[in-house]
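*Asks:* To start, I am sharing the structure in question, which I have written as structure tokens.
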Amino acid sequence: MKNPNVFVPMLLVASVAMADDCESPGVTPFPLGSESWIDVFQDSIDRSQPVHASEVPGDDPRWQRLRTMPDHAPVEFSAWMQPDDEWQQVVTQIEQPVLVVTWSFSTLPNASVPITELLEPRRTMQEYITSEQDAPATLWFTLHGNAFEHLDELGIDRSCFNMQAGPDATEQAILWGVPTVGVPYAFQQCALPNADVVGTWWREYMLIGVADRRAFVRPSYNPCVRPESESLQTNDGIPLWSDALGRYALADATVAPGVHAAQQAVLTAPSPFGFKAYDIDGTPETDFSEWIRKWGEDSWVPARQPGNTGVNGFPYTAVGITGNWLAAGPQPALPADSFLALSEFILKADAPIYWLGVRSASQYLGVPDSKAGQVSWCDSCLGDMDMSGAVDAGDLLMLIEGWGTRNPGMLFGLGDTAAECTPSEVMPEVGIKDLLWLIRHWGPCEGWPDGLESLRPMDCD
């Protein structure tokens with residue numbers, strides 16, 4: 001255990017040095033900051049074309065952005081479950097484990113309690129099954145590390161997302177991080193359609209989980225998540241073009257029998273890995289063809305196209321890659337070749353995922369300063385702003401320093417107090433609720449779970 005009296009001065013020195021080193025990357029996701037998210041997004045989707053109807057050449061570099069879920073040996077660990085309304089630890093095994101991440105708000109769309117309470121920092125590897133929630137909704141994921149790759153390709157210095165880099169670090173981490181996963185709810189405001197969705201940008205957190213590879217499906221005309229092999233023809237997740245339909249489509253058994261068989265295996269696997277997801281209105285759907293048809297009608301069109309019934313309309317691609325709307329439109333914020341950003345996957349509704357925990361954007365996307373004694377996101381926990389591996393005096397000093405400011409990296413006490421759709425301009429100030437939350441969660445972080453050593457990523461060492 002570190003000596004906090006030594007660690008805190010080291011952090012103060014590191015903070016000054018990191019802030020001085022952080023320069024503008026030369027591109028910006030939003031010229032006017034967080035308040036301009038809506039305008040940039042609206043402009044891009046109004047001018048974009050649905051990618052699912054445009055054939056992409058087989059050698060196009062954009063296909064390189066597709067990721068497959070690698071093979072991995074089984075793991076065994078203690079998971080928190082709630083079979084009789086009482087939390088208890090149960091030894092659990094995952095045969096084909098994968099490490100995935102997603103963005104979520106301080107209140108999950110299908111949870112009745114705030115996520116900061118639902119996912120207690122001291123309850124690592126908590127089981128979560130979408131279909132068992134009060135108001136189920138489909139959850140979207142990317143593989144761990146995919147967002148790092150995308151931001152690094154753009155030349156973004158992720159050490160500047162570290163909260164020691166300055167008071168704007170978490171806002172910058174959210175600004176750059178959320179668009180890479182193309183989440184429209186992340187910048188929802190009351191003036192927009194479907195405004196009952198809870199999700200202003202400053203309420204964003206990263207959720208990291210472990211699940212069986214069979215629990216996922218690609219929301220694409222090729223739902224396969226496994227890599228191509230001699231025994232399994234998945235085409236590495238790249239969808240097949242249909243000349244008859246004039247768009248991408250599920251594999252035809254008469255044209256591509258091997259790929260068709262692999263796709264059907266993904267969609268008709270035994271329980272709990274059979275396909276089940278939710279339409280945009282919350283209706284459960286077990287027919288993948290019908291689900292993707294409805295999703296396409298609602299989402300793969302410009303916002304103002306007649307007949308669109310989706311949240312806003314946005315260029316989801318239907319080829320398994322997030323459409324990075326920052327690169328769309330006549331004056332894109334980012335280079336055109338970054339339009340297709342991250343591989344996307346959805347969790348089958350009856351399959352369990354086990355949450356490693358929740359992290360702020362700074363904790364997950366930022367680069368820790370090992371010289372200052374900081375640990376990685378793997379060994380940190382929510383509330384550990386100085387990345388020391390514990391919620392302690394260093395974090396208390398940071399909170400006091402940020403008292404009365406609007407810093408999304410310090411808003412731990414949100415709870416349900418801002419559950420209404422609130423414009424981003426009225427982000428709460430750091431105050432007493434955040435202090436009380438910090439005190440309640442005082443102490444060392446749990447660290448990386450026993451039994452998952454083989455899944456620990458290289459960026460954590």
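*Asks:* Exactly one of (1) assigned to a helix (DSSP H, G or I); (2) at pLDDT below 60; (3) over 24 Å from ARG67 (Cα atoms) is unmet by LEU326. Its number?
*Replies:* Going through (1) assigned to a helix (DSSP H, G or I); (2) at pLDDT below 60; (3) over 24 Å from ARG67 (Cα atoms) one by one, LEU326 breaks only (3).
*Asks:* So VAL197 clears everything in (1) of a type in the set (Val, Ile, Thr); (2) modelled with pLDDT under 85; (3) not in a loop (DSSP other than H, G, I, E, B) except one condition, right? Which one?
*Replies:* In the conditions (1) of a type in the set (Val, Ile, Thr); (2) modelled with pLDDT under 85; (3) not in a loop (DSSP other than H, G, I, E, B), VAL197 misses (3) alone.
*Asks:* Hey, another quick one. Filtering segment 357-409 down to residues that are of a type in the set (Val, Ile, Thr) and in a strand (DSSP E or B), which residue is farthest from TRP448 (Cα to Cα)?
*Replies:* Only one residue tops the list, namely VAL391.
*Asks:* Which of the residues spanning segment 74-107 are touching a residue at least 40 places away in the same chain (Cβ under 8 Å) and in a loop (DSSP other than H, G, I, E, B)?
*Replies:* Hits for segment 74-107 are GLN82, GLU95, GLN96, SER106, THR107.
*Asks:* A follow-up question, please. Taking ALA135 as meeting all but one of (1) out of contact with any helix residue (DSSP H, G or I) (no Cβ under 9 Å at 6 or more places or on another chain); (2) modelled with pLDDT of 80 or more, write down the number of the exception.
*Replies:* Failed condition: (2).
Matching residues to (1) within 19 Å of LEU207 (Cα to Cα); (2) more than 24 Å from the chain's Cα centre (by Cα):
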{"residue": "GLY58", "(1), (2)": "no, yes"}
{"residue": "TRP63", "(1), (2)": "no, no"}
{"residue": "PRO70", "(1), (2)": "no, no"}
{"residue": "VAL75", "(1), (2)": "no, no"}
{"residue": "GLN82", "(1), (2)": "no, yes"}
{"residue": "GLN89", "(1), (2)": "no, yes"}
{"residue": "THR92", "(1), (2)": "no, yes"}
{"residue": "GLN96", "(1), (2)": "no, no"}
{"residue": "TRP103", "(1), (2)": "yes, no"}
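*Asks:* Just the residues that are modelled with pLDDT under 85 and not in a loop (DSSP other than H, G, I, E, B), please, taken from segment 278-308.
*Replies:* ARG293, LYS294, TRP295, GLY296, GLU297, ASP298, SER299
*Asks:* Test VAL259 against the criterion of being within 30 Å of SER380 (Cβ to Cβ), buried (at least 23 other Cβ atoms within 10 Å of the Cβ) and of a type in the set (Val, Ile, Thr), and give yes or no.
*Replies:* So VAL259 does not fit the description; no.
*Asks:* Name every residue in segment 136-175 that is part of a loop (DSSP other than H, G, I, E, B) and either within 27 Å of ALA349 (Cα to Cα) or touching a His at 6+ places or on another chain (Cβ under 7 Å) (or both), in order of residue number.
*Replies:* Scanning segment 136-175 gives PRO136, ALA137, THR138, LEU139, HIS144, GLY145.
*Asks:* Could you list, in sequence order, all residues of segment 237-289 that are over 22 Å from ILE129 (Cβ atoms), charged (D, E, K, R) and without any contact (Cβ under 8 Å) to a residue 60 or more places away in the chain?
*Replies:* Passing the criteria: ASP243, ASP252.
*Asks:* Right, something else. Against the condition over 12 Å from GLY409 (Cα atoms), in contact with a Leu (Cβ under 7 Å, 6 or more places away or on another chain) and in contact (Cβ under 8 Å) with a residue 12 or more places away in the chain, how does GLY373 come out, does it pass?
*Replies:* no
*Asks:* What do you reckon, is ALA111 assigned to a loop (DSSP other than H, G, I, E, B), hydrophobic (A, V, I, L, M, F, W, C), modelled with pLDDT under 80 and in contact with a helix residue (DSSP H, G or I) (Cβ under 7 Å, 6 or more places away or on another chain)?
*Replies:* So ALA111 passes the test.
The values are calculated or read from the model by the stated rules, or taken from the named source; none is laboratory data. Owing to the predicted nature of the structure, the values given are computational and were not obtained by experimental measurement. Every residue, glycine among them, receives a Cβ derived from its backbone with ideal geometry; neighbour counts consider all protein chains shown.
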